[in-house]
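**Student:** Supplied in structure tokens, the structure appears directly below.
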Amino acid sequence: MDINFDVPFDTLFKPAQDWTTPSGIVIPHRPFKKYLRTDLAAVFQSQGIMDPLLEEREIVAQVFPFKINAHIIDQIDWSNYENDPIFQLTFPQPDMLLPNEIEHMKQLKKDNASRELVAAYISDLRSGKNPAPANQSANRPLLEDDHEDSTIPCDGLQHKYKQIVLMFHKNAQTCHAYCTYCFRFNQFTGKDKFLEPDEHRLHKYLKSHTEITDVLMTGGDPATMKVDVWKRTIEPLLTPEFAHIRTIRIGTKALTYHPYRFLTDPDADELISLFKRVKQAGKHIAIMAHFSHYNEISDITKEAARRLIEEGGCVIRTQAPIMKHINDKPEIWAKNWQIQIANGMIPYYMFVARDTGPQHYFEVPLAKTLWLYQEARKMGSGLSHTVRGPSMSSGPGKITILGKENVAGEDVFVLKFLQGRNPHWCDRVFFAKYDEKASWIHELVPAFGKKEFFFEEEFKCILESRSKHYNDAMKDS
Ligand code: SF4
């Protein structure tokens, strides 16, 4: 066994133990057991299924990484697995690749092509599917170098909106399972290096940027990190020199993909007590939980949420994208929100499927997302109206569709920036020609005969300037 002597021995890892709820129900510990592409056939066999599309699924899983665990397998209705939302959420689907792409992969196999040739084709395929969308690489900040008169690029940080910085820790580069629509497919294969080796540059950057109030721990899923890494990252932020940091946000799907993380895992107690200390230090700790469908919300998820809220002092806000085959019906969202609210969580965002990866398989036209959002809201009480959406996380910012109207004789989408790369864009309303088929901002055309949306010229300049600074820093580093 390799022992990392760099890790301080200040964390007591206890053996995993069962969890007893306040009402006396025992939740037995379930060790995390993952299944990867090479286990696909065995997973189907374990359910007594001969899947006719196994070969195609294995091909898709070569392009879009596949990972699942025993807890997820139990959430799927295997008697109707092809239509099950959790199966669609986690298992590779043949139509996620185009027919010619599947055929090409089959041909390579038939020809006994070398590993290098297959890997090169897969790499090209991935690169052509817009990994790291919304110009994410332009969000990487630069840090002053103490020893030189230069700056260092921080690949594992992103600073797009003034008040918030995102951290992609080295130990958070994976998730407890992978969503089929995830836009981080290149990161999971080690190609897009949004990765911080440790907490040091984050702390240094935050010290010199007192306009930042929020840190978002993301990944992958930061809940895959052990508590000693959490402590090294978070505890220093509780000291006076980080008084400007008011909120720690945690972007995670562990509440549904591995809820045992917060109950029975060996370091679950220490993680909850760390969250409590953050709260006691007067800071807000926000779990940005990813809930795609109410079928994911098991009793174990509900208990983990209760513990995070009541013992950890966390606030749980929920979000997910609208995805065909998974949750493109208003009643699914209404029920999802209703269960979340009943369990103390706050519905927060409804996103539009990003322009990345297998978008053609999952995309829902903007016109339908608007209808779906409005219908779902009508089905619930005002408490579910905290949800913002349908929102596109695009390069210029988070853009929501407020409605469809007829203005000056023209059918238009009314759009609004919820967040802008330039903070002055926030809350600006603008108009695009109504288009029943468009599914992303770049497919929309400005209304009233305008050539460009108001932000486009400035956005181009911002991107050019950021990429010049980054490239200059790369040359110097
Ligand atoms: S949990 Fe988030 S980061 Fe992980 S696979 Fe799903 S969408 Fe991607």
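The values are calculated or read from the model by the stated rules, or taken from the named source; none is laboratory data. Remember, it's a predicted structure, so these values are computed and weren't measured experimentally. Methodologically, a virtual Cβ is constructed for each residue, glycine included, from the backbone with ideal geometry; neighbour enumeration extends over all protein chains shown.
**Student:** Regarding segment 225-247, can at least one residue be identified that is in a helix (DSSP H, G or I), at pLDDT 95 or above and either within 14 Å of the ligand (Cβ to nearest atom) or of a type in the set (Ser, Thr, Tyr) (or both)?
**Tutor:** Initially, segment 225-247 is screened for residues in a helix (DSSP H, G or I), giving 227-238, 240-242.
From what's left, at pLDDT 95 or above: 227-238, 240-242.
With either within 14 Å of the ligand (Cβ to nearest atom) or of a type in the set (Ser, Thr, Tyr) (or both) added as a condition, the list becomes 233.
Yes, some residue in segment 225-247 is in a helix (DSSP H, G or I), at pLDDT 95 or above and either within 14 Å of the ligand (Cβ to nearest atom) or of a type in the set (Ser, Thr, Tyr) (or both).
**Student:** Hey, among the residues in segment 13-28 that are assigned to a loop (DSSP other than H, G, I, E, B) and touching a Pro at 6+ places or on another chain (Cβ under 9 Å), which one's surrounded by the fewest Cβ atoms within 10 Å (Cβ to Cβ)?
**Tutor:** Pro15
**Student:** Then there is this: Quickly run through segment 202-224 and pick out the residues that are part of a helix (DSSP H, G or I) and within 21 Å of Thr174 (Cα to Cα).
**Tutor:** Taking segment 202-224 first, the residues part of a helix (DSSP H, G or I) are 202-207, 222-224.
Within segment 202-224, Leu202, Pro222, Ala223, Thr224 qualify.
**Student:** Condition (residue is modelled with pLDDT of 95 or more, under 30 Å from Thr356 (Cβ atoms) and in contact with a strand residue (DSSP E or B) (Cβ under 8 Å, 6 or more places away or on another chain)) applied to segment 96-111: is it met by at least one residue?
**Tutor:** Checked against the condition, which is being modelled with pLDDT of 95 or more, under 30 Å from Thr356 (Cβ atoms) and in contact with a strand residue (DSSP E or B) (Cβ under 8 Å, 6 or more places away or on another chain), segment 96-111 yields no hits at all.
**Student:** Considering only residues that are in contact with an Asp or Glu (Cβ under 9 Å, 6 or more places away or on another chain) and either closer than 19 Å to Ser127 by Cα or surrounded by fewer than 15 Cβ atoms within 10 Å (Cβ to Cβ) (or both), which ones fall in segment 67-77?
**Tutor:** Asp77 - this is the single residue of segment 67-77 that is in contact with an Asp or Glu (Cβ under 9 Å, 6 or more places away or on another chain) and either closer than 19 Å to Ser127 by Cα or surrounded by fewer than 15 Cβ atoms within 10 Å (Cβ to Cβ) (or both).
**Student:** Could you check segment 286-405 for strands (runs of 3 or more DSSP E) lying wholly inside it with 3 or more residues that are surrounded by 23 or more Cβ atoms within 10 Å (Cβ to Cβ) and within 16 Å of the ligand (Cβ to nearest atom)?
**Tutor:** Answer list for segment 286-405: 315-322.
**Student:** Can you find a residue in segment 200-219 that is within 14 Å of the ligand (Cβ to nearest atom), touching a Cys at 6+ places or on another chain (Cβ under 6 Å) and at pLDDT 95 or above?
**Tutor:** Within segment 200-219, none of the residues are within 14 Å of the ligand (Cβ to nearest atom), touching a Cys at 6+ places or on another chain (Cβ under 6 Å) and at pLDDT 95 or above.
**Student:** Looking only at segment 215-246, how many residues end up being surrounded by 17 or more Cβ atoms within 10 Å (Cβ to Cβ) and under 25 Å from the mean Cα position of the chain (by Cα)?
**Tutor:** Final tally of qualifying residues: 21.
**Student:** Ok, one more. Would it be correct to say that Arg261 is closer than 21 Å to Thr233 by Cβ, basic (Lys, Arg), part of a strand (DSSP E or B) and within 16 Å of the ligand (Cβ to nearest atom)?
**Tutor:** No: the conditions fail for Arg261.
**Student:** Now for a separate question. Hey, among His442, His424, which residue is within 29 Å of Cys154 (Cα to Cα), in contact (Cβ under 8 Å) with a residue 60 or more places away in the chain and in a helix (DSSP H, G or I)?
**Tutor:** After applying the criteria, what remains is His442.
**Student:** For segment 353-392, name all the residues that are under 17 Å from Phe64 (Cα atoms) and among the charged types (D, E, K, R).
**Tutor:** Residues of segment 353-392 that are under 17 Å from Phe64 (Cα atoms), as a first pass: 353-363.
Within segment 353-392, Arg354, Asp355, Glu363 qualify.
Rundown of residues vs (1) out of contact with any helix residue (DSSP H, G or I) (no Cβ under 6 Å at 6 or more places or on another chain); (2) at pLDDT below 95; (3) under 23 Å from Glu211 (Cβ atoms), yes/no style:
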position	(1), (2), (3)
Met392	no, no, no
Lys398	yes, no, yes
Asp435	yes, no, no
Ala473	yes, yes, yes
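**Student:** Oh, and also: Determine which member of the set Leu36, Leu54, Leu89, Leu98 is surrounded by 20 or more Cβ atoms within 10 Å (Cβ to Cβ) and either at negative phi or of a type in the set (D, E, K, R) (or both).
**Tutor:** Leu89
**Student:** Can I ask one more? Test Asn135 against the criterion of being over 19 Å from Met225 (Cβ atoms), within 16 Å of the chain's Cα centre (by Cα) and more than 16 Å from the ligand (Cβ to nearest atom), and give yes or no.
**Tutor:** yes
**Student:** From the list Asp51, Asp95, pick out the single residue that is among the acidic types (Asp, Glu) and either in the same structural domain as His176 (by TED's automatic domain parsing) or assigned to a helix (DSSP H, G or I) (or both).
**Tutor:** Result of the check over Asp51, Asp95: Asp95.
**Student:** Give segment 85-125 a look and list any residue that's free of Cβ contacts under 8 Å to residues at least 60 places away in the same chain and either closer than 25 Å to Ile322 by Cβ or under 28 Å from the mean Cα position of the chain (by Cα) (or both), or say none.
**Tutor:** Phe87, Pro94, Pro99, Glu101, Ile102, Ala119, Ala120, Tyr121, Asp124
**Student:** Kindly indicate the residue of segment 327-354 that is small (Gly, Ala, Ser) and within 20 Å of Gly251 (Cα to Cα) and also farthest from the chain's Cα centre (by Cα) among those meeting that condition.
**Tutor:** Of everything passing the filter in segment 327-354, Gly344 is farthest from the chain's Cα centre (by Cα).
**Student:** Could I ask something else about it? Can you report the number of residues in segment 177-186 which are of a type outside the set (Ser, Thr, Tyr) and more than 8 Å from the ligand (Cβ to nearest atom)?
**Tutor:** Residues flagged as of a type outside the set (Ser, Thr, Tyr) and more than 8 Å from the ligand (Cβ to nearest atom) within segment 177-186 amount to 2.
**Student:** On the given criteria, is Gly190 among the small types (Gly, Ala, Ser), in contact (Cβ under 8 Å) with a residue 24 or more places away in the chain, within 16 Å of the ligand (Cβ to nearest atom) and not in a helix (DSSP H, G or I)?
**Tutor:** Considered against the rule, which asks whether it is among the small types (Gly, Ala, Ser), in contact (Cβ under 8 Å) with a residue 24 or more places away in the chain, within 16 Å of the ligand (Cβ to nearest atom) and not in a helix (DSSP H, G or I), Gly190 comes out as no.
**Student:** Step by step: first the residues of segment 264-276, then only those that are touching an Asp or Glu at 6+ places or on another chain (Cβ under 7 Å) and part of a helix (DSSP H, G or I), then the one that is nearest to the ligand (Cβ to nearest atom). Which residue is that?
**Tutor:** Ile272
**Student:** Residue check, Phe168 against (1) over 13 Å from the mean Cα position of the chain (by Cα); (2) closer than 27 Å to Lys34 by Cα; (3) within 16 Å of the ligand (Cβ to nearest atom), all met but one. Which one?
**Tutor:** (1)
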